[in-house]
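Throughout, read-outs are computed from the coordinates displayed, never taken from laboratory work. What you are looking at is a predicted structure, and each value in this text was computed from that prediction instead of being measured. As a convention, Cβ positions derive from the backbone with ideal geometry for all residues, glycine included, and neighbour counts pool all protein chains shown.
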Amino acid sequence: DQELTLNLGALSRLLRDEKQGQPVPEEIAHNFICRLLFTCYLVDRGVYRLPDQGAESGSRLHKALASQPTDKAAAYLYDVFRQLKRKFNGSMFDQNLGEEETMISPHIGRIVDFLQRGDVASGQRSLGFWAYDFRMIPVETISGVYENFLTEEDRKGKGAHYTPRLLAEMTLDVACEGTPDWDKLRYFDPCCGSGVFLVTLFNRLATSWELKHERKGKKTRNYQAKVEALTGI
């Protein structure tokens with residue numbers, strides 16, 4: 001997790017570095033990286049299947065990109081983004097993808113190295129290690145990524161900070177204390193940033209549902225698959 005966080009910071013700096021020829025604006029670079037992580041989650045957790053473009057593409061994003069000619073890898077990645085935009089219709093893909101693709105294309109080689117768990121800052125491969133498995137990355141890491149990508153203006157002017165997992169757990173304990181049917185209520189987080197409160201709560205709801213239905217012998221394969229895809233449980 002620490003290596004992933006460090007490499008994400010290095011990738012962000014690389015995309016924004018004026019010495020690289022075509023620097024990417026900070027907001028666009030961070031939006032792209034978040035979208036890249038989201039795509040890796042969807043692929044690694046079996047929610048989305050990548051287009052089959054060659055025998056080497058496999059089911060992982062880093063393999064699919066590495067199997068493409070360098071001049072076509074960015075086009076492949078943005079085709080995936082457009083498919084996800086149509087499939088999920090969420091704000092994660094609302095940016096001008098055509099304009100962004102032009103900015104990201106010169107950096108696609110380093111992006112592939114990052115996904116293959118190379119050291120972005122030095123350009124060296126981490127021999128003996130596998131690529132990141134996004135099925136196993138905990139929510140704390142995503143919260144840390146979110147905080148690292150906040151600008152100084154966000155931190156000081158808007159008071160934006162991420163909440164540690166332990167504090168989120170304690171807050172939920174207090175909020176649900178003395179409420180027998182807590183799992184039947186609706187919950188709203190008006191300050192949602194990295195989503196640590198909602199993800200933690202969803203984990204609890206999913207576990208509660210599993211325990212109740214396990215006793216009744218009614219655990220369903222479809223629901224279990226959905227829980228694993230969303231939470232990694």
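A Stokes-Einstein calculation at 4 °C with viscosity 1.567 mPa s, built on the Kirkwood radius of region 1-116 over Cα pairs, returns a diffusion coefficient of 90 µm²/s. Set the Förster distance to 45 Å, then compute FRET efficiency between Asn96 and Met170 from the Cβ-Cβ distance, nearest 0.05. E between Asn96 and Met170, to the nearest 0.05, is 0.60.
Placing R0 at 22 angstrom, the Cβ-Cβ distance between Trp182 and Glu214 gives a FRET efficiency of 0.70 after rounding to 0.05.
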